[in-house]
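I have placed the structure first, in the form of structure tokens, so that the comments after it can refer back to it.
The values are calculated or read from the model by the stated rules, or taken from the named source; none is laboratory data. What you see is a predicted model; the values in this text were computed from it and never measured. Here the Cβ is made from the backbone with ideal geometry for all residues, glycine too, and neighbour counts use every protein chain on show. All accessible areas refer to the heavy atoms of the entire protein, side chains included, with ligands and DNA or RNA removed. Shrake-Rupley method; radii C 1.70, N 1.55, O 1.52, S 1.80 Å.
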Amino acid sequence: MTSGSDKYWYNLKTGEVEKGFESPAPDRAGPFDTPEEAAKAPEVIKERARAWAAEEAREDSWGADTVSGEGSDDQ
């Protein structure tokens, strides 16, 4: 197992890729195995946030039709 100091990180403040623990933890995204992966961190973060929001929306609406009694046109 490698330590985080051997990995690459994306600096959220500067937008630069760093190797190891150069910046404070709140300013870093990662770890990543390669500098190329770390450079894509903003896209990865956006995609994960979109997926989480979609999942939460599905969970929030789960069973909504049965609770309100709406959604059935059988009457």
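Odds and ends about this structure:
- Within region 9-23, the set of residues being open to solvent by 50 Å² or more (accessible area, probe 1.4 Å) and either modelled with pLDDT under 95 or among the aromatic types (F, W, Y) (or both) comprises just one member, F21.
- Check on P26, out of contact with any Phe, Trp or Tyr (no Cβ under 7 Å at 6 or more places or on another chain), at pLDDT 95 or above and open to solvent by less than 90 Å² (accessible area, probe 1.4 Å): no
- The set of residues in region 40-58 that are closer than 20 Å to T14 by Cα and exposed (fewer than 10 other Cβ atoms within 10 Å of the Cβ) contains only E43.
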